[in-house]
Each structure stands twice: as structure tokens, then as C-alpha cells.
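Every number in this text was worked out from the coordinates using simple rules, so none of it is lab data. These numbers were taken from a predicted model, which means no experiment stands behind them. We place every Cβ from the backbone using ideal geometry, glycine too, and count neighbours over all the protein chains shown.
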Amino acid sequence: MLEDSNSNSKEWKLIEKTVLQLGNEHKRSRRWGILFKTLTFVYLFALLIILKDGFSGESFTHADTYTALVDVSGVIAAGEKAGADNIVTGMRAAFNAEGTQAVVLRINSPGGSPVQAGYVYDEIKRLRVLHPNIPLYAVISDIGASGAYYIAAAADKIYADKASLVGSIGVIASGFGFVDTMKKLGVERRLYTSGKHKAFLDSFSDQKSDEVDFWQSVLNETHQQFINKVKEGRGERLTVAEDTFSGLIWNGEQALKMGLIDGLGSTGYVAREIVGTKDIVDFTPKPDAFEQISKTLGMAASTAMAKIMAAGNLSMH
């Protein structure tokens, strides 16, 4: 009887072990199934979107004549979506397209690099000389401030919503000072330079009045460059008050009274009522196909792995 009992116990343990192994295999198979199905779906979806957009831009219409659109969205900086290279590429394509009746820069940006904004401003002026019969309008959506307004000032006319944020005509530079903190911590600053002012405005050293004055002069001159471009672009439409160039920001209705903008309206309004061509074609440069697919698949892989870990109750420490 004892031998029979031991034999039955071993058989049940073997059966239990086999069942557990089958269960684990099923879980592993399910996890990888989730991964491959998700990646396949995302790949096909991304490919469909890219083919739909034609790799070059989104078209709202296939009309023979249209209003050309170029987006200025996000921080204006080199290498970013709202960098000068990207914006200028879109504008050139828009102006050179056969059916373009007018170009609209749709702006939603808090500003950024004065250098990048300056590049775009100058290119707008150049393109308007080359294409005198194609006007360029700036339309500010949520915000068109600082460097974004710098760009807008080059347009023939500027439009915004009554609640849009417009202006901030100023220049800013900021940092932190850790001198007292280092003293409290007993940390000694060791700094070696080969130029008298090479380390000026160093956060871990005491400020020097002559260096602060010098840096302020740089900011003041850059601010004056900004002011000159706004005056050049807006001309007699601009009503200059004490705080016009103070760095303050106004809503659309206030900006209209100050002459910072020419009217209230959206991109659709400008295309329909001002240009007289309601059809819109987007000339904003898009990422190339490989970059789009890579980004989409990367996000999909992360999501799929999270699902796999959740399905198998896995954790990483």
C-alpha cells in the first residue's frame, strides 16, 4: 500500500509539473503574440498614413488654386520643427507652387532663438520681392510671442483670435547663482581660464559689475534689433506706447488696438474672406518616411513590451 501511495504521489507531481510547464509556455506564447500583432498593426497603420500624406505634406484640397499654409509650431530653435530651415523650406515650396494665391504662416509659438527668427524674417522679405503678386499673412492661434512675433512682423498682415496672446517684444537671458550655497557646503571653486572674461557670468563665481554691464549691452542691442524689425514690418499701423516694447504680452483685441495685428480671424477666415480662396494646401515639411516609421514603431514596441510585462506579471528592479 505504501509503495502504491508513493507511486501515485510521484505521478501527480509529474502531471502537475507538466501542466505548469504547459501553462508557462502558453503565457510566453501569448506575450510574444501580443508583441508581434501590435508591431504589425502599427507598421501597417504608419505606412498607410505616410502613403496618404504623400511623404511631403498634407493637402486639404486638390483645387487648381488655393491658399498655401505653412505651420510655425513650438519653440523656434535650430533643428526643431519650428526651426528656420523647416519654415523656409515650406515657404519656398508654397511660393513656387503654381496654384498658390497667398501664403499663410499659422503661428502657435512662444518664441525662441532671435537668430532663427531673423533668418525667417529676412526670407519672407526676399520671397515677397521675388513673388510680388503673392501676399503672405501671419495667423496667430494660441500664442505668437517674442521670436514668433518677430517672424509675424514680416507678413503683409497679421491676424489673431480675440484671446490669442500677442507681443512680448523683448529679450531675456537667465541663470542661477550658487556662490553662497557652495560656501555653506564648504566647496571651493577652482576655475582656470586663458582669457580675462572667458568665464564671465559663471554661476559658481561672484558677478563682476563690468561683465554684467557688458552682457546687458548685448541684450539691449539685440532688443533694439527686434524693435527695428517690428517697426519696419508694421510701419504706420503700429501705435507706439510706453510699454509696447517692454516685453509685455496682450490678447488679440488689445493687440489690434495697438496696431500689433490687423484683424481678428482664423486661418480659414483669412483664406475665405481675405484671400478669396477657401481651399487650403499644407506645405509644412513633414519628417521623411523612415523617420516617421521608426518613431511610430519605437513607441509601439514600448507599449507592446509594457503589455507583455503586465500579462506575465513581470517587474523590473
The convex hull of the Cα atoms of the range 66-285, divided by residue count, gives a volume in Å³ per residue of 150 Å³
For LYS13 paired with GLN216, estimate the spin-label separation in nm (one decimal), with each label point 7 Å from Cα along the Cα-to-Cβ line. 8.6 nm
Check VAL104: other-chain or 5+ apart residues with amide H under 5 Å from its amide H, H built from backbone geometry? ALA68, LEU69, VAL70, TYR137
Any of LYS184/LYS208; LYS229/LYS286; LYS162/LYS278 with alpha carbons more than 25 Å apart? Name them for me. LYS229/LYS286
Taking the Cβ of each residue in MET182, MET91, MET258 as the centre, tally the other Cβ atoms inside 10 Å and list the residues starting with the fewest. MET182, MET258, MET91
What is the extension gain from VAL179 to ARG92, computed as 0.36 nm multiplied by their sequence separation minus the C-alpha to C-alpha distance, in nm to one decimal? 26.4 nm
Sequence-distant or interchain residues sharing an amide H contact under 5 Å with LEU165, placed H: which? ILE143, GLY144
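Could you give the length gained on full extension between ASN24 and GLU232, defined as 0.36 nm per residue of separation minus the Cα-Cα distance, in nm?
The ASN24-GLU232 span can extend by a further 67.6 nm.
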Which whole-Hz couplings ³J(HN,Hα) result when phi for each residue of the range 160-176 is put into the Karplus expression 6.51 cos²θ - 1.76 cosθ + 1.60, θ = phi - 60°, listed in order with x for Gly and Pro? 7, 7, 4, 9, 4, 9, 10, x, 6, 7, x, 10, 9, 9, 9, x, 10
Can you work out the Karplus-derived ³J(HN,Hα) for every residue in the range 191-202? Use 6.51 cos²θ - 1.76 cosθ + 1.60 with θ = phi - 60°, whole Hz, and x for glycine or proline. 10, 10, 9, 10, x, 4, 10, 4, 10, 5, 6, 4
Here the net charge surrounding VAL139, from other residues whose Cβ is less than 11 Å away from its Cβ (Lys, Arg +1; Asp, Glu -1), is -1
If you take the beta carbon distance between LYS198 and GLN224 as r and set R0 to 25 Å, what does 1/(1 + (r/R0)^6) give as a FRET efficiency, to the nearest 0.05? 0.40
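What FRET efficiency would be calculated for the residue pair ASP206, LYS157, taking the C-beta separation as r and a Förster radius of 51 Å, to the nearest 0.05?
That gives a FRET efficiency of 0.55.
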Report the far tail of the P(r) of the range 64-121, meaning the percent of Cα-Cα pairs longer than 15 Å. 45 percent
Which trypsin sites (Lys or Arg not before Pro) does the range 148-191 hold that lie in a coil by DSSP with at most 15 other beta carbons within 10 Å? LYS162, ARG189, ARG190
Extension gain from LYS278 to ALA241, taking 0.36 nm per residue of separation minus the Cα-Cα distance: 9.7 nm
Determine ³J(HN,Hα), in whole Hz, for all residues of the range 70-79 in sequence, where each value follows from phi through the Karplus function 6.51 cos²θ - 1.76 cosθ + 1.60 and θ = phi - 60°; x replaces Gly and Pro. 10, 8, 10, 10, x, 5, 7, 7, 4, x
Send over the semi-axes of the range 111-153's equivalent ellipsoid, whole angstrom and largest first, taken as the square roots of 5 times the C-alpha gyration tensor eigenvalues. 20, 13, 5
To the nearest 0.05, what FRET efficiency results for ASN133 and TYR269 with a Förster distance of 22 Å applied to their C-beta separation? 0.50
Under 5 Å between amide hydrogens, which residues at least 5 positions from LYS208 or on another chain qualify, with H placed 1.01 Å from N in the peptide plane? LEU201
